[in-house]
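Right, one structure below, let's go through it.
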Amino acid sequence: MTILIFLLLAALTVGCAIAMVAQRNPLYSAIALIGVFLGMAGIYVTLAAPFIAAIQVIVYAGAIMVLVVFVIMLLNVEEEVRRPIRLRYLIPLGVFLAALLFAETAFIIYFIETSAYNPPPATQSNVGLTASVGTGLFTKYLLPFEITSLLILMAIVGAITLARRVPALEVGGRRMQAATTESEKPSAAD
Amino acid sequence: MDLSNPYIQAALQFLAIFITFNVVLMIVAYTVLAERRILGFIQGRLGPNRVGPGGVLQPFADLLKFIFKEEIVPDKSTRFVYFLAPLIAVTAAMMTLIVYPFGPRVTLPYFGQVELVIARFDIALLYVLAVTSIGVYGIALAGWASNSKYSLMGGLRSSAQMISYELSLGLSLVGVILMSGTLDLYEIVEQQSGWYGFKWNIFPQFIGFVVYLTSAIAETNRVPFDLPEAETELVAGFHTEYSALKFALFFMAEYINMFTVSVLATTLFLGGWNVPGLALLFSPGSIPFAVFSVIGFFVKVFFFLFLYIWLRGTLPRFRFDQLMSFGWKFLLPVALLNVVLTATLVWLGVL
Amino acid sequence: MVPLSWYLALSAVLFTIGAAGVIIKRNAIAMFMCIELMLNATNITFVAFSSFFRDVTGQLFVFIVMTVAAAEAAVGLGIIIAIFRNRLSLDVDDASVLKY
């Protein structure tokens, strides 16, 4: 049963990922990527990590991709034009290297499959639950956690600096209305 | 029939989900009717009262109308996304319904001890937040795919508004989470059953409750935060180009979201199914206790739904820049302050 | 029980698709999304090992990776908007000169 669910989710994830790269309209790519993230959340659930699954949906699908979709809609991005491939003579080399990489990966996976490690019996563990994640985050890994908060502060400041219109951009002698600077969303309401 | 058989358990769960969906859809249909009647009362007119006695069959007439209307698909729309958007909106709205505890533990004659909740798991509250955050796409994509100015403006506004207020919404819940120390909704409700069923979280978390209520109204795009569909400026906002059943899906999603948000407010702040003093009359676990608890739960939920309608009949609409600065400059700092205050009090052992 | 190697293979496939996307795509937003895909592919590996070794560290690392991705999204989209404002194009090949 778990195997069936895993295969379905994996097919969804890989299919959406391929669609994302294949689509030339950025908004379609974004929708496909949301599909990837939702599939991944399902995969985390099969790995008994429900907390990470929920965070995955909230952070990636609920926040980051909304921003991306918002920017795509705001800038009205058009489809990519297909352009001639410049380095045509490198294609055979590329195919050869891809085959080599694939062979290498297959070898490693085969090696892992036959290695001596046996996972402990599948009993109920509380590793993925909220309490254990929180305990780890606020005791042993407190310093990295605090550093990420610093990182987010830097990102907020950076995003505001980037999104604010510089005074040089004057339209018809009148300074355009400044973008909302209090949000970390780039130019939310201009 | 062996109740421990996993297939039978799965079948029972499916049955429970089916019943829940239908009950919620009925509630939604009658919320719409109640809204029209109450708005009529507030504005000094009658409201729909022709179909059936006092208008009680009006929802079915509306449904028939939606089914038989002509579907108009705009010529320049992006077909796939245009059809996908209402589905996302309605699915995201309905998926949250399974985690809410609507009644206490009860001993039934055949099934033994049953918890009146469909799915109980560790991260229920996070699940609700995650699924509701998907609902933004329904509106944003609908606005984009219709290929119309008004729809696009509505979609942009709604996505900006919803991600802004989602922050305050999430932070207002942190206070409750800090106090109860769990994300499991069932346990949060059970912790509020002290003081003869009156130990509700609203008393220590009043700031959080007010912030939650405000941002929840903004999340569901209701008056006074209904900028995405401000009909005086944007025709109908993101669903301008939708007709017939696809419009009905958006409509349904909005009202299910209203219901969801009311249920969450009841569960987290108003003690869920706890009715004050009920434990003195009946012994906990008996069937009458459970029945009155469920009734109490729904009374609280309907109070919130009534509050929504009341606000709609009373308040004017915000301007968009007012909306943004209210969310970011007032609501978010207040929510953060509430988190700091609660954390300090919990750390000192007061709460 | 799904074997560990399947998760690793899935992660590898997704990472490769993401890497190929970064190379193929010329649109700045699309490239950004491919980078997000690569970050996510590594997350699957972390969670898989964490769950198979019964050690929460991998999941904590995923948590931190997500924070980094969120920060990256805020700044990255800010940069993309700044580029668009200056050059009216999102094609990375158009943004090839330092001064414009």
So, in the range A:42-52, exactly how many residues are out of contact with any Asp or Glu (no Cβ under 7 Å at 6 or more places or on another chain) and within 8 Å of chain B (Cβ to nearest Cβ)?
1
I need a count of the residues in the range B:252-268 that are crowded, with 23+ Cβ neighbours inside 10 Å, within 23 Å of B:Thr182 (Cβ to Cβ) and within 9 Å of the chain's Cα centre (by Cα).
5
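Looking at the range A:3-29 only, could you name the residues that are among the hydrophobic types (A, V, I, L, M, F, W, C) and more than 23 Å from A:Phe70 (Cα to Cα)?
Let us first name the residues in the range A:3-29 that are among the hydrophobic types (A, V, I, L, M, F, W, C), namely A:3-12, A:14, A:16-22, A:27.
Within the range A:3-29, A:Ile3, A:Leu4, A:Ile5, A:Phe6, A:Leu7, A:Leu8, A:Leu9, A:Ala10, A:Ala11, A:Leu12, A:Val14 qualify.
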State whether one or more residues within the range A:99-120 are modelled with pLDDT under 80, exposed (fewer than 10 other Cβ atoms within 10 Å of the Cβ) and at the interface with chain C (Cβ under 9 Å from one of its Cβ atoms).
yes
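What about B:Gly271, is it small (Gly, Ala, Ser) and either surrounded by fewer than 15 Cβ atoms within 10 Å (Cβ to Cβ) or over 23 Å from B:Pro204 (Cβ atoms) (or both)?
Numbers: small (Gly, Ala, Ser): yes; either surrounded by fewer than 15 Cβ atoms within 10 Å (Cβ to Cβ) or over 23 Å from B:Pro204 (Cβ atoms) (or both): no.
Spelling it out, it is not the case that B:Gly271 is small (Gly, Ala, Ser) and either surrounded by fewer than 15 Cβ atoms within 10 Å (Cβ to Cβ) or over 23 Å from B:Pro204 (Cβ atoms) (or both).
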Is there any pair with a first residue in the range B:311-336 that is touching a residue at least 60 places away in the same chain (Cβ under 8 Å) and a second that is outside any helix (DSSP H, G or I) and of a type in the set (Val, Ile, Thr) whose Cβ atoms are under 7 Å apart and which are 6 or more apart or on different chains, and what are they?
B:Leu311/B:Val223; B:Arg312/B:Val223; B:Leu315/B:Val223; B:Arg317/B:Val223; B:Met324/A:Thr180
Leading residue by the ranking (nearest to B:Thr78 (Cα to Cα)) among those in the range B:139-165 that are among the aromatic types (Phe, Trp, Tyr) and more than 7 Å from chain A (Cβ to nearest Cβ)
B:Tyr150
Could you list, in sequence order, the residues of the range B:47-81 that are under 30 Å from B:Ala145 (Cβ atoms), among the basic types (Lys, Arg) and assigned to a loop (DSSP other than H, G, I, E, B)?
B:Lys69, B:Lys76
Checking the condition in a helix (DSSP H, G or I), in contact with a Phe, Trp or Tyr (Cβ under 7 Å, 6 or more places away or on another chain) and modelled with pLDDT of 80 or more, which residue from B:Arg120, B:Arg157 passes?
B:Arg157
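Matching residues to (1) under 20 Å from B:Leu173 (Cβ atoms); (2) in contact with a Gly (Cβ under 9 Å, 6 or more places away or on another chain):
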position	(1), (2)
B:Phe282	no, no
B:Val294	no, yes
B:Val299	no, no
B:Leu315	no, no
B:Trp328	yes, no
Looking at the range B:214-238 only, could you name the residues that are touching an Asp or Glu at 6+ places or on another chain (Cβ under 7 Å) and buried (at least 22 other Cβ atoms within 10 Å of the Cβ)?
B:Glu219, B:Thr220, B:Asn221, B:Gly237, B:Phe238
Just checking, does the range B:153-161 include any residue being out of contact with any Cys (no Cβ under 8 Å at 6 or more places or on another chain), basic (Lys, Arg) and crowded, with 21+ Cβ neighbours inside 10 Å?
yes
Hey, can you tell me all the residues within the range B:304-339 that are more than 17 Å from B:Phe209 (Cβ to Cβ) and among the aliphatic types (A, V, I, L, M)?
B:Ile309, B:Leu315, B:Leu323, B:Met324
Looking at (1) more than 7 Å from chain A (Cβ to nearest Cβ); (2) free of Cβ contacts under 8 Å to residues at least 40 places away in the same chain, which one does C:Leu14 not meet, given that it meets all the others?
(1)
Restricting the range B:213-225 to residues that are out of contact with any Phe, Trp or Tyr (no Cβ under 7 Å at 6 or more places or on another chain) and assigned to a helix (DSSP H, G or I), which is farthest from B:Leu305 (Cα to Cα)?
B:Thr214
Residue satisfying all of: in the range A:85-98; surrounded by 11 or more Cβ atoms within 10 Å (Cβ to Cβ) and modelled with pLDDT under 85; nearest to the chain's Cα centre (by Cα) among these
A:Ala98
Show me the helices (runs of 4 or more DSSP H) found entirely inside the range A:3-101 where at least 3 residues are more than 23 Å from B:Glu166 (Cα to Cα).
A:26-46
Please find, within the range C:43-100, the residue that is farthest from the other protein chains (Cβ to nearest Cβ) out of those that are of a type in the set (S, T, N, Q) and under 19 Å from C:Val22 (Cα atoms).
C:Ser96
Go through the range C:17-30 and give me each residue that's part of a helix (DSSP H, G or I) and either crowded, with 19+ Cβ neighbours inside 10 Å or within 7 Å of another protein chain (Cβ to nearest Cβ) (or both).
C:Ile17, C:Gly18, C:Ala20, C:Gly21, C:Ile24, C:Ala28, C:Ile29, C:Ala30
Residue in the range B:122-138 that is charged (D, E, K, R), over 14 Å from B:Thr240 (Cα atoms), facing chain A (nearest Cβ under 9 Å) and in contact with an Asp or Glu (Cβ under 8 Å, 6 or more places away or on another chain) present
yes
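Do we have B:Ala11 as at pLDDT 80 or above and surrounded by 16 or more Cβ atoms within 10 Å (Cβ to Cβ) here? Even if it seems obvious, please write down each step before you answer.
On the way: at pLDDT 80 or above: yes; surrounded by 16 or more Cβ atoms within 10 Å (Cβ to Cβ): no.
So B:Ala11 fails the test.
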Condition check for B:Pro74: at pLDDT below 85 and either of a type in the set (Lys, Arg) or more than 21 Å from B:Val294 (Cα to Cα) (or both):
yes
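So, C:Ser5, is that one of a type in the set (Ser, Thr, Tyr) and at the interface with another protein chain (Cβ under 7 Å from one of its Cβ atoms) or not?
Yes, satisfied.
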Considering the range A:61-76 alone, what residues qualify as being more than 10 Å from chain B (Cβ to nearest Cβ) and surrounded by 23 or more Cβ atoms within 10 Å (Cβ to Cβ)?
A:Ile64, A:Val68, A:Val71
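The values are calculated or read from the model by the stated rules, or taken from the named source; none is laboratory data. Keep in mind it's a predicted model, so treat the numbers as computed, not measured. With ideal geometry, Cβ positions are generated from the backbone for all residues, glycine too; neighbour counts draw on all protein chains shown.
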